[in-house]
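Enquirer: Structure provided below as structure tokens; questions to follow.
The values are calculated or read from the model by the stated rules, or taken from the named source; none is laboratory data. Note that this is a predicted model, so its numbers are computed, not measured. Don't worry about glycine lacking a Cβ; one is built from the backbone with ideal geometry, like all the others, and counts go over all protein chains shown.
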Amino acid sequence: MSTAVYIVVAAAIGIASMFGIAWLGLQIPPRPFPDIPEQTPALETVELPPNLPTPAIRYYKTIVKDQVPVIESAIITGRGSIRVKGITFPSRFRFAYLAGRGYRHYIEATLFGFPVMTVNEYYLDGKARMELPVGTIENEPKIDMAANLGLWAESIWMPSIFITDPRVHFRAIDDTTVLILVPFGEDTDTLIATFDHVTGLISKLEAMRWREPTDETKIAWRNEPLEWIDSHGIMIPSPAATTWIDEGTPWAAWRIDNVAYNVDVSEILDARR
């Protein structure tokens, strides 16, 4: 074998080995974040209102029966995956919410179980700030609107807020589809909820949503429960997947490790104030 051929073969083997090592690192999930010390207190409840569309009534009777827990805040911790520049990384996340008002998303993309990139997003007082591996986005009205829709779609983990927040309204489309009108400042925005005709559970939440501040048109977007678990007497999705429809496959998947309701989230949310 000539020296040139040897170098080419050695380089090819080295590249293949690096790809193999990287692939192996992408198969190893991270450890979960530690549980927060504060525990969910006993949850107060309100009666399920009778004037909801039939699919919504069936849904709530399935997930909470006739008494709807009042949820004002939540810290949701879990693991899953996120796709960055075409590569799907294992991830772990901790999301803090003021129900119906704002959130902080903290996500770590990992390799061999160790963080290699972070996503740190805030939506507070109607304004979004996204600290991403590619840079920071803020003071962008389209991203503010997108973050607000994200807040309400993620409220499927705090489903009573759709009942207890007087700013939210339901509008029936048919036996399995309901429009959910949610507030955005002085205006409203819309989620489309589709319910499984067998289980009564939500099978997908969809919206037209801005993806980038430079977009000229909104893009179809979906939050999709894949399975359901019981958390503090409430059925919530886990895992769930999030998809920009034009991409064809989910860019993120979320599996819950721990949920704490009605706990103090001020320290987490105040980090950027």
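Here's the yes/no breakdown for (1) within 30 Å of VAL168 (Cα to Cα); (2) exposed (fewer than 12 other Cβ atoms within 10 Å of the Cβ); (3) not small (Gly, Ala, Ser):
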| residue | (1), (2), (3) |
| --- | --- |
| PRO37 | no, yes, yes |
| PRO53 | yes, no, yes |
| ALA56 | yes, no, no |
| ILE76 | yes, no, yes |
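Enquirer: Does any residue in the range 179-200 that is touching a residue at least 24 places away in the same chain (Cβ under 8 Å) come within less than 7 Å, Cβ to Cβ, of a residue that is of a type in the set (Phe, Trp, Tyr) six or more places away or on a different chain, and which pairs are these?
Expert: Cβ pairs passing all conditions: ILE180/PHE162; ILE180/PHE170; VAL182/TRP152; LEU191/TRP152; PHE195/TYR59; GLY200/TYR59.
Enquirer: Given the criterion surrounded by fewer than 21 Cβ atoms within 10 Å (Cβ to Cβ), of a type in the set (D, E, K, R), over 14 Å from the mean Cα position of the chain (by Cα) and at pLDDT 95 or above, identify the matching residue among LYS204, LYS218.
Expert: Answer to the check: LYS218.
Enquirer: Could you list, in sequence order, all residues of the range 66-105 that are free of Cβ contacts under 8 Å to residues at least 40 places away in the same chain and in a strand (DSSP E or B)?
Expert: GLN67, HIS105
Enquirer: Whether any residue in the range 192-199 is of a type in the set (Asp, Glu), modelled with pLDDT of 95 or more and within 21 Å of the chain's Cα centre (by Cα) is what I want to check.
Expert: Checking the range 192-199: at least one residue is of a type in the set (Asp, Glu), modelled with pLDDT of 95 or more and within 21 Å of the chain's Cα centre (by Cα).
Enquirer: Can I ask one more? Mind checking whether some residue in the range 266-273 is assigned to a loop (DSSP other than H, G, I, E, B) and over 17 Å from the mean Cα position of the chain (by Cα)?
Expert: Of all residues in the range 266-273, those assigned to a loop (DSSP other than H, G, I, E, B) come to 273.
Imposing the further condition that a residue be over 17 Å from the mean Cα position of the chain (by Cα) reduces the set to 273.
Within the range 266-273 (the criterion being assigned to a loop (DSSP other than H, G, I, E, B) and over 17 Å from the mean Cα position of the chain (by Cα)), the answer is yes, since at least one residue qualifies.
Enquirer: Please determine whether any residue of the range 177-191 is assigned to a loop (DSSP other than H, G, I, E, B), modelled with pLDDT of 95 or more and touching a Ser or Thr at 6+ places or on another chain (Cβ under 6 Å).
Expert: Checking the range 177-191: not a single residue is assigned to a loop (DSSP other than H, G, I, E, B), modelled with pLDDT of 95 or more and touching a Ser or Thr at 6+ places or on another chain (Cβ under 6 Å).
Enquirer: Limited to the range 166-196, what total is found for residues that are touching a Pro at 6+ places or on another chain (Cβ under 8 Å), within 19 Å of ILE236 (Cα to Cα) and of a type in the set (Asp, Glu)?
Expert: Summing the residues that are touching a Pro at 6+ places or on another chain (Cβ under 8 Å), within 19 Å of ILE236 (Cα to Cα) and of a type in the set (Asp, Glu) in the range 166-196 gives 0.
Enquirer: Collect the residues in the range 37-85 that are more than 30 Å from GLY135 (Cα to Cα) and among the small types (Gly, Ala, Ser), keeping them in residue-number order.
Expert: Residues satisfying the conditions are ALA42, ALA56.
Enquirer: Working carefully through the options VAL134, VAL84, find the one that is among the β-branched types (Val, Ile, Thr), at pLDDT below 95 and within 19 Å of the chain's Cα centre (by Cα).
Expert: Just one listed residue meets the conditions, VAL84.
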